[in-house]
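Undergrad: Handing you a structure now.
The values are calculated or read from the model by the stated rules, or taken from the named source; none is laboratory data. Values in this document were obtained by computation on a predicted structure and should not be read as measured data. In this analysis, Cβ positions are derived from the backbone assuming ideal geometry, glycine residues included, and neighbour counts consider all displayed protein chains. In case anyone asks, the SASA skips ligands and DNA or RNA and just uses the protein heavy atoms, side chains included. Shrake-Rupley method; radii C 1.70, N 1.55, O 1.52, S 1.80 Å.
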Amino acid sequence: MSEPPLDRDGSHGGRAAAIFSRLRAGNPQPTTELEYATPFQLLIAVILSAQATDRSVNLATRRLFVDAPTPQEMLALGESGLTPYINRIGLWQGKARNVIATCRQLLARHAGELPRQRAELEALPGVGRKTANVVLNTAFGEPTIAVDTHIFRLANRTGLAPGKTPLAVEHELLRVVPPEFRRSAHHWLLLHGRYVCKARQPECWRCGIADLCDYPEKGSAAPGGARR
């Protein structure tokens, strides 16, 4: 079966469709590596994950979400009560303030329920566009694409959706990614950037989309730095 033509217009027959067809074949049902049971818990995990690994967040939230699974119970902890759960995560002081303030606002303005509108999500303390996109996509199934450092790097390195800012990359991805792939595009790109198209040494020798990528150093990105 031949691949679609390698155009750059984002059409269903183009490079974007070929890239996401291959990523889907390798991982048909991608999802976040953060552990959560409710949309609220996902929001808290994403807030905690800024400049931290998913592994470190999961280690913290496994205990936290058992002891304080709801906004009411987490607010009751207060910042001092929340601290022992999260103080091994980077920037934990600011995150503790934001988490408690977010719980308070959810209870005061949304009856403890997570809003499904972007503006209301972004009005919560510690929630920016990227976090709102993750929640809208992962918790509520919206075809949003959150641009983190992995996706920003991958979009520019491959030439799939170049842009100088995360917002510019997001808009370009929404333009070029065919509709059938948008629901899971964030997860495919993030996981590929995290485990294959790494920041310091992309593992092009085992990349399933290397021939669809514009990265000029593909030939030197082989095991041990040897040129292929």
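Undergrad: Return one whole number: the accessible area per residue of the chain in Å², for a 1.4 Å probe.
TA: 49 Å²
Undergrad: Return the calculated 222 nm mean residue ellipticity for the chain, to the nearest 500 deg cm²/dmol, obtained by summing -39500 (n - 2.57) across DSSP H runs with n ≥ 4 and dividing by the residue count.
TA: Taken over the chain, the calculation gives -17000 deg cm²/dmol.
Undergrad: Then there's this: With Kirkwood's inverse mean 1/r over C-alpha pairs for Rh, give me the Rg to Rh ratio of the chain, two decimals please.
TA: Using Cα coordinates only, the ratio equals 1.02.
Undergrad: I'm a student and want to see the number: the projected area of the Cα convex hull of the range 80-132, averaged over all directions, in nm².
TA: Convex hull of Cα atoms, orientation-averaged projection: 3.9 nm².
Undergrad: State the percentage of accessible surface on the range 39-147 attributable to carbon and sulfur atoms; use a 1.4 Å probe and exclude ligands, DNA and RNA.
TA: 49 percent
Undergrad: Note down the magnitude of the dipole of the chain about its Cα centre, charges +1 on Lys and Arg C-beta and -1 on Asp and Glu C-beta and zero elsewhere, to the nearest 20 debye.
TA: Here the chain has a charge dipole of around 520 debye.
Undergrad: Using Cα positions and a limit of under 17 Å, work out the lysines in reach of LYS130, with same-chain residues fewer than 8 apart set aside.
TA: LYS95, LYS164
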